[in-house]
Amino acid sequence: MKDFKGKTAVITGAASGIGYALAEKFANEGMNIVLADIEQDALDIAVKKISDIGVESCGINIDVMHKDSVDHLFNESVKAFSKIHILCNNAGVASTVVADGIWELDEKDWDWVLGVNFYGTLYGIQSFVPHMINHKEEGHVLNTISLAGILPGEAIYGVSKHAALALSESLWQGLKNIKSNIGASVLCPGFVNTNIIESNRNRPDHLSSSNKTNFILKKLASSVLKRGKEPNEIADTTFDAIKQNHFYILPHTSYDDMIKERFSRILSRTEPQSADMQEILKGTLMGNKGEW
């Protein structure tokens, strides 16, 4: 995608973090912005800040776990701006509950994390992509994944992100098969200074977990995230990648060796890398990863 001014971007999870940084970046390029989020108060503040940039914007309160809510986002977005050109399936959650084995995690943990991270992305694609193809103007779909969608482990979060990556690769292939001028990308950052570790604030009551939160893991993750890359840096990198129609967006180059090792182990038909998240976080705080 090359031309942005006057076009429209829809972003889920847009009230904070990477989602808000993307909204701000697209607004500074002259785009109309639809911000979608589950937190109404934060959403209202974000919409005001984006409007102050001098572009048309609106906020829509949604829960991406529900298809009818994402359909509502689509209908309201088209009603406001007629044509949608960029879709950012960015909303995501991270669980800090623990169990001795992944088989012991609560079904409600699976329903919540997969509901947001995988199904929220799927519903966005189903609701918006046919419209984006049919209006025949250039456009782009950005799915926020994570390095957790490439590297092994990380329990439910990793499973949800691996699934969303596979979904995104299938989306890219489908768009290519029909010779669409809609591009697709996956954003796979490492640690970024966001509040994703506090995802439980938006967890539905009916999906409360019977498993315990690992408070040591949560504290370590919070410390590492605060020292991670800033969301506006991620947004700048992402915007450049969309302009160049790159599919894989990996802002944290210091993890390249870990990615190479993963695929080396696959091709050598051996076992996966060890993925003790607590040890990874400790190592990161000690400076073992260089850039985060």
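Derivation of every value follows stated rules applied to the coordinates shown; laboratory data play no part. Quick caveat: nothing in here was measured; it's all calculated off a predicted structure. Cβ coordinates were reconstructed from backbone atoms using ideal geometry, including for glycine residues, and neighbour counts include every protein chain displayed.
Observations
- Assigned charges on the beta-carbon of Lys, Arg, Asp, Glu; the chain dipole about Cα centre (debye): 580
- Choice from Asp106, Asp71, Asp256 with maximal GNM fluctuation in the chain (Cα, 10 Å cutoff): Asp256
- Think of the stretch 8-253 as a dipole: +1 on every Lys or Arg Cβ, -1 on every Asp or Glu Cβ, centred on the Cα centre; then among Val113, Ser69, Gly30, Gly30 lies furthest on the positive end.
- Cα-derived Rg over Rh, computed across the stretch 77-134 with Rh taken as Kirkwood radius: 1.18
- Packing order of peptides 172-182, 19-29, highest average first: 19-29, 172-182 (average count of other Cβ atoms within 10 Å over each peptide's residues).
- Pairs of Lys in the stretch 1-160 closer than 14 Å at Cα, counting only those 8 or more apart or on different chains: 7
- Taking Ile62, Ile53, Ile33 in turn, the Gaussian network model of the chain (Cα-Cα springs below 10 Å) assigns the largest fluctuation to Ile53.
- For Ile62, the residues whose modelled amide H falls within less than 5 Å of its own, excluding neighbours fewer than 5 places apart on the same chain, are Asp37, Ile38.
- Within a Gaussian network of the chain (alpha carbon springs, distance under 10 Å), most fluctuating of Ile196, Ile45, Ile249: Ile45
- Going by neighbour counts of Cβ atoms within 10 Å, the residues Lys161, Lys260, Lys243, Lys229 line up, fewest first, as Lys260, Lys243, Lys229, Lys161.
- Rounded Å value of the spacing that divides the Cα centres of the stretch 39-102 and the stretch 225-266: 23
- Calculated mean residue ellipticity, 222 nm, the chain: -14000 deg cm²/dmol, from DSSP H runs (n ≥ 4) at -39500 (n - 2.57) each, averaged per residue and rounded to 500.
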